[in-house]
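Only the coordinates and a few stated rules stand behind these numbers; no lab work does. Here the structure is a predicted model, which is why all the values come from computation and not from measurement. Positions of Cβ are generated from backbone atoms using ideal geometry, with glycine treated the same way; all protein chains shown enter the neighbour counts.
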Amino acid sequence: MPIAARSLRPALLLGVTLAIGGSFDTPARADDAACIDSIERALTSRKSGKLHDALKRLAGCSDPSCPSEVRTECTQRIDAVGAAMPTLVFAAKDGGGNDLVAVSVTMDGAPLAASLDGRPLSIDPGEHTFRFETAGRPPLDKTFVVREGEKDRVESVVLGPAVVVTSPPPAAETAPLPPGSWTSRKTLAVVTGGVGLVGLGMGIAWSAYASSAQSKEQANCSASSCPNRPQAADDYNTAQKNATGATIGIAAGAALIAAGVVLWITAPPGASAVNATAWHIAPSVLPAGGGLTIGGRL
């Protein structure tokens, strides 16, 4: 159990006297008294929250020239003060979020760190005002309440104005085009007709596939004999699927070509331009079937 401050000096003096002289009449050495004084002053600093000062005092009474009883007490108190000492880790960034290293820090007007390297700084508990300074940017003052026993607490600050990302101005409305000008509806008509031609071509291709599959079926299974009935059945199914795809492709292609013609004819002169990229038109033709996807706005 630690020795109470008010009874520490008599007890230690008694122990020192017995150790060096074996008699109560022998006075303590001057350096022994200084060792005892150091530990008593350290206790006072510890109670007032001045942990750095307490460690300095305890370093004096842990000297080998001090009595062993005093050194033992000092060692225990050094460990306790070290555990209670708070530490802060400061991080600084510029307005763009980049780390800053060349930042000097003062605490309550006194120098604390010449730069920030990510290592913790020992701080006495309590309220402190920190100033962060770096070249080319205005200084920044911050007040933190540091709590006893708090370890590696991270505090980040931003030096300099934040980088503002400006968005482009909204696009102005497109004015009506003069009569006879090329409009987006005409563009849509050309795109629609082009997709229709692609669909028509795909339908013709599927028709050729269907005809080929039908020829294979007839070769494998004629009217008089059918030596390879399973293959003939598979060719028949393939021909049916291809024929369905051909029908859908040709029908969709023809419809799109017709729609393109209508769009071209009905395009009003001088109509407001419409973003043609907002439209999507595409045929979907597969062996198992097909379809047509049209979307967009006018």
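Suppose the chain between A110 and T143 were pulled fully straight at 0.36 nm per residue; how much longer would it get relative to their current alpha carbon spacing?
10.5 nm
For N98 and K56, what does the FRET efficiency come to when R0 = 35 Å and r is the distance between their Cβ atoms, rounded to the nearest 0.05?
It comes to 0.35.
If each residue of separation counts as 0.36 nm, what is the full-extension length gain between D234 and A208 once their alpha-carbon separation is subtracted?
7.7 nm
Sticking with the crude label model, points 7 Å out along Cα→Cβ, report the distance from S156 to A33 in nm, one decimal please.
5.7 nm
How far apart, in nanometres, would the label points at K186 and L121 be if each is projected 7 angstrom from Cα along the Cα-to-Cβ direction?
Between K186 and L121, the simple spin-label model gives 7.2 nm.
Quote to one decimal, in nm, the extra length available between V261 and S65 on full extension: 0.36 nm per residue of separation minus the C-alpha distance between them.
Using 0.36 nm per residue and subtracting the Cα-Cα distance, I get 59.7 nm.
By the scheme Lys and Arg +1, Asp and Glu -1, what is the net charge of all other residues having a beta-carbon under 15 Å from that of V103?
So the environment of V103 carries a net charge of -1.
For segment 109-123, list residues with backbone N below 12 Å from a point placed 7 Å from the Cα of A91 toward its Cβ?
118-119
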